[in-house]
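Some notes on the structure that comes next.
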Amino acid sequence: MDVVHAMKLYINKMVDDAGPGIKALLMDKETISIISIVYAQSDMLQKEVYLFEAIENYVPRQESLKFVKCIVFVRPTEKNITYLIRELKHPHFNNIISKTNINALAEVDEFEVVKDVQEFYADYLAINSHTFSLNVKSCYQNVHHWNPISFQRITQGIISILLSLNRCPLIRYQSSSEMAKRLAEQIRQTIAKENVLFDTNTSTESQPILLILDRKFDPITPLLNQWTYQAMLHELLTIANNRVSLANVPGVAKELKEIVLSQEQDEFYQKNLYLNYGEICSNIKCLMEDFQQKTQQQKKIETIADMKSFIETYPQFRKMSGTVTKHVTLIDEICRIVNASSLLEVSESEQELISTGNHSESLKRISKLISSDKIRNCDAIRLTLLYALTYQNNSNYDIRGLCRLLERRNMNPGDIKIINQLMEFCGLKQRTGGKGTTTTPEILTTEHVRAFTKKVIKGFRGVENIYTQHTPVIKDLIEDLYRCRLREILYPFLGSVQQRERPQEIIIFIIGGITYEESLTVYNLNRQLQGTKILLGGSIVHNSKSFLDEIRCACQYHSAETAEPTVMGSSSHHNSGNTGALASIINKIENL
């Protein structure tokens, strides 16, 4: 179950099927990302693909370039079909296409230029061998319901994953999520409808398990600061389609305004992907020293033999130079943000907050940090959110006091409103169905945090790094599923068919997005759990900013439906015109 390998097989096949000679590749904005994340442009040039066009921007040429073979690789959408009707050559669709659309294409192919039409199930981003994303930014129309467009896209993406891996799984879902149940049912219906495509599953002795979850099951993980390389890059700088933008960083060279990160092309990145901050800094120092040594050797060209050696090693030397420059620039910017924003202190407080269960100490510590001008507003908000999620049912819960501290930072009440929105999205009432008891033990109430912490401490006994102690909830779920202990009342099978033996293959899909920390967890579990392969996917790969953006989007419609005028009780201070708005926000938070 290697999604990068599956993606490369499809791309290689479509290029090989076109035969030798000059080729052009016509794509849409989504398939451009799908291809570029696994192949560099130089790789495609080696396959004789010399021209790359976006179908949205494509203007048909007046002259006919009969010597160029055009490979069209697009999603089977109505808009793309319209574009294709305008210009036909050699289309490949990355998911199932309807017969109606094929007939529409055939009718306009007057000169019979279409050689063949194929479905290549490459409708997802292969982040790495065990992780995929569908790059859908917003799943929720409100807190409880699907955005219809996202629902269709995610259904298609999961079907594509299953077909590309040649798998027909048993489906389990999070019972507390209507969205998870609906997606599970839609996938089962699609499998039944396309039963011919799914009738070739003979690759494993037991059926794989597809477990569908809703991001509400663990809102803690996307809110935490990260300390492994890939996760830090995404949290602090944002990775989009394997690219990091440094356009807003002062003093950065023009060629480094956008940096491409590829595990396939970049050995340093591949080796340091999951290493922590200290190890990365040490390794970049070693890389620089090695590069400086090679630079000195290159200067000593005294004989013909030296010149020959230089010419032979120059491509590797130039590649190493690019690697050093790229990662020194990235790590330098990461270090600047960490130091300027006191992220070590913030992160230590986060870990203490979610793991110790000591309310008074946690409140005292984060209150001090929120009152400090050393930390960023976004970190002050995240500390408050973590406190609200962890201690909402504590008798001394003081979200009101923390909101007052946020207001003193001159934060807009609209920014503070995210606390209210988060609690609407995944607060205690959302997690319990309004019954006062959690429907799933994995939700991080105060009592669960204490039990969870014991597991964390046991798992990290002897580990001194206090900044990476947190373990995502998904680890417990996968281990329970692996040991056949995952409770069916909480994660039921869809349909009457059930599996009692240990699964050999597990596919986890999270509605509302995954994180790189969870990807690392799955990477480690794949190494630890012998005989079982695990694949993790989600609607998108989140950092804290994108996660909060998704919550804002989900709560816009929901808040409009449920909003009621609220009046705050007596207040001891503040005459600001924003006080009434803040009071309304606080009252809503306390009532959630």
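What is the fewest-to-most order of LYS181, LYS137 by other Cβ atoms lying within 10 Å of their Cβ? Working shown, then result.
Details: LYS181 17, LYS137 14.
The most exposed by this proxy come first: LYS137, LYS181.
Taking 32 Å as the limit for the C-alpha separation, the pairs LYS216/LYS326; LYS8/LYS257; LYS79/LYS417; LYS79/LYS533; LYS254/LYS533 exceed it in the case of LYS216/LYS326; LYS79/LYS417; LYS79/LYS533; LYS254/LYS533. Of the peptides 37-46, 480-489, the ranking by mean beta-carbon count within 10 Å, highest at the top, reads 37-46, 480-489. Peptides 156-166, 26-36, 3-13 ranked from most to least packed give 156-166, 26-36, 3-13, packing being the mean of other C-beta atoms within 10 angstrom over each peptide's residues. With the simple model of a label 7 Å out from the Cα in the direction of the Cβ, LYS13 to ASN248 spans 4.2 nm.
Across segment 344-404, Cα pairs under 8 Å and at least six residues apart give a relative contact order of 36 percent. Segment LYS374..GLU479, full-extension length gain: 33.8 nm, with 0.36 nm per residue of separation and the alpha-carbon distance subtracted. FRET efficiency for the GLN265 to ASN358 pair, using the beta carbon distance and R₀ = 51 Å, is estimated at 0.65. Taking Cβ atoms as reference points and 13 Å as the exclusive limit, the residues near PRO20 contribute a net charge of 0, counting Lys and Arg as +1 and Asp and Glu as -1.
Given R0 = 56 Å, the distance between the Cβ atoms of ASN394 and ASN57 translates into a calculated FRET efficiency of 0.50.
Cβ-to-Cβ counts within 10 Å put MET232, MET288 in ascending order as MET288, MET232, the fewest first. A protection proxy built from the mean count of other Cβ atoms within 10 Å ranks the segments 386-396, 408-418, most packed first, as 386-396, 408-418. With 0.36 nm allotted per residue and the present C-alpha distance subtracted, the ASP332-THR238 stretch has 32.3 nm of extension available. For the pair LYS29 and THR325, what calculated FRET efficiency results from E = 1/(1 + (r/R0)^6), where r is the Cβ-Cβ distance and R0 = 30 Å, to the nearest 0.05? The calculated FRET efficiency here is 0.50.
Read-outs throughout are calculated quantities, based only on the coordinates presented, and are distinct from any laboratory measurement. Note that this is a predicted model, so its numbers are computed, not measured. Ideal geometry is used to build each Cβ from the backbone, glycine not excepted, and the neighbour counts take in all protein chains shown.
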